[in-house]
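Shown next, in structure tokens, is the structure this report addresses.
The values are calculated or read from the model by the stated rules, or taken from the named source; none is laboratory data. None of the values given here were measured: they were computed from a predicted structure.
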Amino acid sequence: MHRKHRAELPDPAPLSVGGRPRSDERGTSIVGTTFGFAAFLGFLLFAVNLAVGLYARSTATAVGFDQARRLAQRGVSCTTSAPGTEQAVTDHLDGWWRQVVVTAGCDGERATVRIDASSSRSLLPSSLLRPTGLSELHRTFTVRVEALR
């Protein structure tokens, strides 16, 4: 069987001369690598901060709902103020949020827990967090009080 010979292409310009990079490309790999690595670390830092912030928010939501449910289970003994509930929520969220303000109360039909917190602990500067809304938390939980008849 006979094969056709392809026309050979001329060699492109050599990437190195004498084992060293060409003078017009010297140092480009370290600069590109440095900027690429810095961009990767920046995105990684943002992703980790976002994940931790979302975890802190879901923790606050779970704690607030649980405390509102416990307050509603008191039934008839549910009063207009609930200092034990407020302290429990503050204790749970103290490690995740700063300036935690909790308002809890009951009007006989509904138990309400309101959580206002700010300045979530973050690795990013606050100037980057503020526009995203991740630096503040405002949640209100309302649960119906059920009494046995």
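For the range 98-126, filtering for residues that are at pLDDT below 80 and on the phi > 0 side of the Ramachandran plot leaves 2.
Condition check ((1) at pLDDT 90 or above; (2) more than 22 Å from the chain's Cα centre (by Cα); (3) not in a helix (DSSP H, G or I)) across all residues:
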| position | (1), (2), (3) |
| --- | --- |
| Ala47 | no, no, no |
| Val52 | no, no, no |
| Ala56 | no, no, no |
| Val63 | yes, no, no |
| Ala68 | no, yes, no |
| Thr80 | no, yes, yes |
| Gly84 | no, yes, no |
| Thr90 | no, no, no |
| Gly95 | no, no, yes |
